[in-house]
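A short write-up of the structure that comes next.
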Amino acid sequence: MFNALRTTVLLAALTALFMVVGYFLGGRAGMMLAFLFAAGTNLFAYWNSDKMVLRMQGAVPVERSRVPELYDMVDTLARRAGIPTPRVYVVETDQPNAFATGRNPQNAAVAVSTGLLRQLETREVAGVIAHELAHIRSRDTLTMTITATLAGAISALAQFGLFFGGGNNRNNPLGGVGALLMVFFAPLAAMVVQMAVSRTREYQADKDGAAISGDPLALASALQKIATLAGRQVNVAAERNPAMAHMYIVNPLSGQRMDNLFSTHPDTGNRIRQLQQLAATGGVIDKGPAPFPRRASASARRPDGGWRVPSVGRADEDGGQRGPWG
């Protein structure tokens, strides 16, 4: 019930923001057009935003025959979480990271980067996946995916209106000044909504993910590695679509440290301390021993300790895939 209310409030807030942008670009007529556009975008986002997010992030679907260890891990953790096993995707990037998307647990997907599989231990990968499954179980993915879609659409609407002369429209109450204000402040307002949705939910997903995996220290270790490496390795797809940065487990943008005030994620150090406290106090739901060893099997790992991960290539524009994952 709470998640449904939160999603409704989010959609109402972003729709209102659409209408404000339309009003400053074209007066009442612009406001009505923006409302219709927002209604259509909301409908599209509910049914299709997960597919769009996966494609924009270069996520490629993979079959179990190509990555049985990863599939078995996702399946085991999904059963511990009490949800259907989501679809599995891989993103070709050296930056270790992951995200989940989908309107509900029955239509969900988990995407992990090749960098995550190469640079993290098995139990750390399990901790990350458990965190993403926690988002799916609580239906955060619907809220986060719709937010990403609409935030990007708001920015596009503001720039579109200015480009096509919104500032010169006689119905515009503030003329060119109003159009310029919308170009700068509409994306900022959308980002504030993203932050309100994302930052508080990350702490809860960390806690729930630790309960699902049974290993809070593994997730803490994973967060430390990802946060350290994310600042050094560029995620090209995320840089091209910054409105979707809040969907990742750690901010994937290279400029993430420049402005903590407007960060889409809570401080990683605070998240790690919470997980360490959970481990020390036993404040995690008992789901039995952690199901994954400290190291992967020899057949699944390279001599340097990383997973055996072939290149996935890039998703084709028709939704297909390239690369050897099958």
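The values are calculated or read from the model by the stated rules, or taken from the named source; none is laboratory data. Note that the structure is a prediction, hence the values are computed from the model and not measured. Heads up, the Cβs are rebuilt from the backbone with ideal geometry, glycines too, and the neighbour counts pull from every protein chain shown.
Key figures for this structure:
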read-out: Close pairs (8 angstrom Cβ cut-off, 6 or more residues apart or separate chains): more than 14 Å from Thr145 (Cα to Cα) in the range 1-15, in a helix (DSSP H, G or I) and modelled with pLDDT of 70 or more anywhere; value: Thr15/Phe35; Thr15/Ala38; Thr15/Ala39; Thr15/Asn42
read-out: Output for the range 197-250, where each listed residue is among the aromatic types (Phe, Trp, Tyr) and surrounded by 19 or more Cβ atoms within 10 Å (Cβ to Cβ); value: Tyr248
read-out: Filter pass, Leu25 being assigned to a helix (DSSP H, G or I), over 21 Å from the mean Cα position of the chain (by Cα), surrounded by 16 or more Cβ atoms within 10 Å (Cβ to Cβ) and at pLDDT below 80; value: yes
read-out: Criterion (β-branched (Val, Ile, Thr) and surrounded by fewer than 22 Cβ atoms within 10 Å (Cβ to Cβ)) met by exactly one of Thr101, Thr15, Thr41; value: Thr15
read-out: Residues of the range 58-102 satisfying the condition of being of a type in the set (Val, Ile, Thr) and closer than 15 Å to Thr122 by Cα; value: Val67, Val74, Thr76
read-out: Count of the range 9-22 residues which are farther than 13 Å from Ile154 by Cα and among the hydroxyl-bearing types (Ser, Thr, Tyr); value: 0
read-out: Test: residue in the range 65-79 that is touching an Asp or Glu at 6+ places or on another chain (Cβ under 9 Å), assigned to a loop (DSSP other than H, G, I, E, B) and closer than 26 Å to Gly115 by Cα; value: no
read-out: Yes/no for Val90 being under 13 Å from the mean Cα position of the chain (by Cα) and either more than 16 Å from Met247 (Cα to Cα) or part of a strand (DSSP E or B) (or both); value: no
read-out: Cβ-Cβ under 8 Å pairs, at least 6 apart or on other chains, the range 112-139 side under 19 Å from Thr101 (Cβ atoms) and free of Cβ contacts under 8 Å to residues at least 60 places away in the same chain, far side outside any helix (DSSP H, G or I) and among the hydroxyl-bearing types (Ser, Thr, Tyr); value: Val112/Tyr89
read-out: Pair list, Cβ < 6 Å and 6+ apart or interchain, from the range 225-250 residues that are touching a residue at least 60 places away in the same chain (Cβ under 8 Å) and closer than 21 Å to Ile136 by Cβ to residues that are in a loop (DSSP other than H, G, I, E, B) and β-branched (Val, Ile, Thr); value: Ile226/Val250; His246/Thr264
read-out: Only listed residue being under 25 Å from Asp215 (Cβ atoms) and among the basic types (Lys, Arg), chosen from Arg55, Arg66, Arg28, Arg80; value: Arg80
read-out: Test: residue in the range 188-201 that is modelled with pLDDT of 80 or more and of a type outside the set (Gly, Ala, Ser); value: yes
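Table: residues versus (1) modelled with pLDDT under 90; (2) at negative phi; (3) hydrophobic (A, V, I, L, M, F, W, C).
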| position | (1), (2), (3) |
| --- | --- |
| Ser254 | yes, yes, no |
| Met258 | yes, yes, yes |
| Thr268 | no, yes, no |
| Gly282 | yes, no, no |
